[in-house]
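The values are calculated or read from the model by the stated rules, or taken from the named source; none is laboratory data. Predicted model, so just to flag it, every value in this text is computed and none were measured. As a convention, Cβ positions derive from the backbone with ideal geometry for all residues, glycine included, and neighbour counts pool all protein chains shown. When the accessible area is computed, the model is the full protein with side chains, heavy atoms only, and any ligands, DNA or RNA have been set aside. Shrake-Rupley method; radii C 1.70, N 1.55, O 1.52, S 1.80 Å.
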Amino acid sequence: EATKTLFKISTSSNDSTVHWISADIYTSLESFAEGSTALARESYLKAISLWPKNLALPIELAQFYRDHVDTLISKDVSAVALRVEAQEKLRNALTFEPEYLPARLELALILEEEIGTVAAITELEPWEDQSPEILYHVGRLYFNDSNFELAAQKFGSVVRQVPSHSNARYSL
């Protein structure tokens, strides 16, 4: 009943916030209502189309795809298609705000999975001086690419900037 009501409300709305909230609710209904993740995807895409300059929506979409890829895959939608779709939405958001680092990081995570560590490093490395978290991920990528010396340098820099960064400490 909740899914039916939500579907009725969201399909009659042209408010991006309604679609964004609907996507969150559909996601929370995943274990109770079959097909709710597909409806969440549609709601995220509708919200993004209605509010293309919103930088947070493509990030949420990418995280949603990563967390729910198994339930979203069907004969019509592949994991690769979902990653490509998320990449496109993130790249579009970055045209509005190129220095929005959360979108850069999400894009790098997709590139790492889709193409490999070198592509992800290429995406993030120019921004490593802007954020210890980006620097940590560059180090993680170098580590995953077996470049342990450079990874250790990156992790060391993170720890110097943020002594309590547990992931960088552990990685060192």
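Mind checking the dipole of the chain: about its Cα centre, +1 per Lys or Arg Cβ, -1 per Asp or Glu Cβ, Debye to the nearest 20?
Working: 15 positive and 25 negative charges, 41 e Å.
It works out to roughly 200 debye.
Length gain on complete extension for the stretch A152 to N92, per 0.36 nm per residue less the alpha carbon to alpha carbon distance? Walk me through the numbers before you get to the answer.
Values: separation 60, 0.36 × 60 = 21.60 nm, distance 3.32 nm.
Length difference between fully extended and current span is 18.3 nm.
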To the nearest 10 degrees, the tilt of helix 132-144 (Cα long axis) against the first principal axis of the alpha carbons of the chain is 80
So for R0 = 30 Å, FRET eff. of A2-D145 from the Cβ-Cβ r, to 0.05, ends up at 0.05
In whole µm²/s, the translational diffusion coefficient that Stokes-Einstein assigns to the chain, given a Kirkwood hydrodynamic radius over C-alpha pairs, 10 °C and 1.306 mPa s, equals 91
Connecting every pair of Cα atoms under 10 Å apart in the chain and solving the GNM, the largest mean-square fluctuation among V84, V162, V118 falls on V162
Quick shape check on the range 100-172: root eigenvalues a ≥ b ≥ c of the Cα gyration tensor, a/c under 1.5 is rounded, otherwise prolate if a/b tops b/c, else oblate, and it reads oblate
In Å², rounded to a whole number, the accessible area per residue of the range 1-90 with probe 1.4 Å is 55
The helix 56-72 Cα axis meets the longest alpha-carbon principal axis of the chain at an angle in degrees, between 0 and 90 and rounded to 10, of 80
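Give me the percent relative contact order of the chain, please, defined on Cα pairs under 8 angstrom at least 6 residues apart.
It comes to 12 percent, rounded to a whole number.
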